[in-house]
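The values are calculated or read from the model by the stated rules, or taken from the named source; none is laboratory data. All figures in this text were calculated on a predicted structure; none of them were measured in a lab. Glycine also receives a Cβ, built like all others from the backbone with ideal geometry; neighbour counts cover every protein chain displayed. To get the accessible areas, we keep the full protein, side chains included, count just its heavy atoms, and leave off ligands, DNA and RNA. Shrake-Rupley method; radii C 1.70, N 1.55, O 1.52, S 1.80 Å.
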Amino acid sequence: MELKTKGEEVYVSVKKLVAKLSWTVGADFDLAAVFEPKTGEPGLCYFGSLGDLSAFPFMKLSGDAGIADKAGSNEEVLQIVKIDDMKKIHVVCWDYKAVQTGAKARFAGTDVKLTLTDDQGKSHQVKLDTGDLGNVAIVAVIDNTDPIGAKLVNVSKIGTMKRWDKDSFKDLLAICTQ
């Protein structure tokens with residue numbers, strides 16, 4: 001199933017999800033997850049803190065594939081094995097070089113693709129549906145606040161971070177939750 005437009009949503013299996021960000025353009029994109037637990041402080045799974053599948057946050061990032069802006073088959077994978085303790089998981093893509101300098105980037109002219117696959121092998125492709133400029137794209141959110149179950153929502157929200165340093169997470173969290 002493809003979520004082509006902002007606001008489209010579908011309920012997904014919560015036992016295991018694999019989020020794959022892929023692109024071929026010569027850009028240093030990064031996949032990340034901003035997670036909001038039901039209790040405790042929000043956190044970030046990204047290239048500097050890859051996560052852990054056997055302990056909280058029960059998600060792990062494959063690594064950093066877009067180094068040096070190489071064109072070709074770039075891919076980063078985030079595995080999520082448990083979301084019972086999460087309210088929301090924001091699936092984020094950012095342009096690393098643009099974030100470093102606070103510059104704006106255009107995601108609409110790229111071939112960035114996010115595919116989420118559940119434990120039954122069912123895939124959901126989320127298309128970034130925005131022409132806005134910024135260096136951070138909140139592509140989708142896994143919203144686990146509904147008693148019926150978790151749902152995947154095409155968010156397609158763009159924001160701009162001014163830098164990448166020790167205070168950047170606060171800025172990124174604000175972009176995700178506003």
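Taking label points 7 Å from Cα along the Cα-to-Cβ direction, S54 and S168 give a separation of 3.0 nm.
If you take all other residues with their beta carbon under 13 Å from the beta carbon of L21, and give Lys and Arg +1 and Asp and Glu -1, the sum is -4. Per residue, the chain exposes 46 Å² of accessible surface when a 1.4 Å probe is rolled over the protein heavy atoms with every protein chain present. L78 sits among other residues whose Cβ lies under 15 Å from its own Cβ, and their net charge, with Lys and Arg +1 and Asp and Glu -1, is -1. Listed values [x] 14.4; [y] 12.6; [z] 9.4 include one computed from this model; for mean projected area of the Cα convex hull in nm² that value carries the label [z]. This model, with +1 at the C-beta of Lys and Arg and -1 at the C-beta of Asp and Glu, gives the chain a dipole about its Cα centre of some 140 debye.
Take each peptide in 99-105, 87-93, 77-83, count the other Cβ atoms within 10 Å of every residue, and average; sorted highest first, the result is 87-93, 77-83, 99-105. Look at where the Cα atoms of segment 1-65 and of segment 91-149 average out, and the two centres are 9 Å apart.
Contact order for the chain, expressed relative to its length and based on alpha carbon pairs under 8 Å spaced 6+ residues apart, stands at 29 percent.
Within 13 Å, Cβ to Cβ, of K104, how many net charges do the neighbouring residues add up to if Lys/Arg are +1 and Asp/Glu are -1?
Summing Lys and Arg as +1 and Asp and Glu as -1 gives +1.
Of all lysines in the structure, those lying under 25 Å Cα to Cα from K166, and not within fewer than 8 positions of it along the same chain, are K38, K60, K87, K88, K97, K104, K157. The angle between the Cα long axis of helix 168-177 and the longest principal axis of the Cα atoms of the chain comes to about 60 degrees, rounded to the nearest 10.
Using just its DSSP H runs of length 4 or more, each adding -39500 (n - 2.57), the chain gives a mean residue ellipticity at 222 nm of -2500 deg cm²/dmol after division by all residues.
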